[in-house]
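Here the structure is laid out as structure tokens; the discussion comes afterwards.
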Amino acid sequence: MIHRLPLFKEAAPDSLQKLRQYGKIQEFPRGSLIIRAKEPLENIYIQIEGKSIVYNLTHTGKRKILFIFGHGALLNEHVLNEHNSATYCETIEKSRIFIIPAGSFVRCMEQDFALTRAVLAAQERKVWRLGHQLKNTMGSIYMERKLAAKLWKLARDFGVSVPEGIEININLSVTLLADMLGAPRETASRLCRTLVDYSLIQMRGKRIIILNPQKISIFYRTGEIKKYP
């Protein structure tokens, strides 16, 4: 099964054999804390099924979600195990996760550049996404557009086509949306109603449908809403 993971797609057969030998697949219920901040990271965690969030806590103790990860994602912020984790990782769905000791994983990387390159690419992608998040938290974008940007990206990563548009295949509670925005629940709820009024999204319980990905993309990039009744 692990040979189907994007991270291991180009790995050498010998590396795959060692990964299977030293690693294991473990099931976790929803709400399981996989990684704790300020604690040593002794293992590498790769999502096989389900979804997990990576987050940190603000100085007031509120969650700020940095990423939502699905199939094939490397959940660790680092793999060399040279310092403690700076973030938390928690499952938001029943999940199956591949776990391998960090030392064994690094030894496989040392002997297989294709695997090393895949890990570097995965981590570079995270840095790129964090850079965009930082830009959006510096007051350069209104909250409605910030939420629209996050929903557009979730639809891109976890979207399923439905007659109305693209449904995000995640149960997105108001609390989860608030934690993604770093805002109170009341603000997140109001922002959702605003996007509904703009005819950009449709809400069905905890499910959100992007009615037109191109229109919501234009909105979060430019703030243009004149075209939306």
When segment 96-124 is examined, which residues are found to be of a type in the set (D, E, K, R) and under 22 Å from Leu66 (Cα atoms)? Arg96, Glu124
Where Lys18 falls short, out of the listed (1) surrounded by fewer than 17 Cβ atoms within 10 Å (Cβ to Cβ); (2) over 11 Å from Asn76 (Cα atoms); (3) not hydroxyl-bearing (Ser, Thr, Tyr): (1)
Return yes or no: is Ile141 over 26 Å from Ile44 (Cα atoms) and at pLDDT 95 or above? no
I want to confirm something. Restricting to segment 207-229 and keeping residues that are assigned to a helix (DSSP H, G or I) and out of contact with any helix residue (DSSP H, G or I) (no Cβ under 7 Å at 6 or more places or on another chain), which single residue is surrounded by the most Cβ atoms within 10 Å (Cβ to Cβ)? Lys215
Please go through segment 172-206 and give me each residue that is in contact with a strand residue (DSSP E or B) (Cβ under 6 Å, 6 or more places away or on another chain) and not in a helix (DSSP H, G or I), ordered by number. Leu172, Gly182, Ile201, Gln202
What single numbered condition from (1) modelled with pLDDT under 95; (2) farther than 19 Å from Cys108 by Cβ fails to hold for Pro6? (2)
So, in segment 47-84, exactly how many residues are within 17 Å of the chain's Cα centre (by Cα) and hydroxyl-bearing (Ser, Thr, Tyr)? 2
Being outside the structural domain of Gly70 (by TED's automatic domain parsing), surrounded by 14 or more Cβ atoms within 10 Å (Cβ to Cβ), of a type in the set (A, V, I, L, M) and modelled with pLDDT under 95: is that true of Leu151 here? no
Which of the residues spanning segment 28-39 are under 28 Å from Arg107 (Cβ atoms) and either surrounded by 12 or more Cβ atoms within 10 Å (Cβ to Cβ) or modelled with pLDDT of 95 or more (or both)? Phe28, Ser32, Leu33, Ile34, Ile35, Arg36, Ala37
Restricting attention to segment 193-206, which residues are surrounded by 15 or more Cβ atoms within 10 Å (Cβ to Cβ) and within 11 Å of Glu167 (Cα to Cα)? Ile201, Gln202
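The values are calculated or read from the model by the stated rules, or taken from the named source; none is laboratory data. In this text the structure is predicted, and so the values were computed from the model without any measurement. Virtual Cβ from ideal backbone geometry, glycine too; neighbours counted across all protein chains shown.
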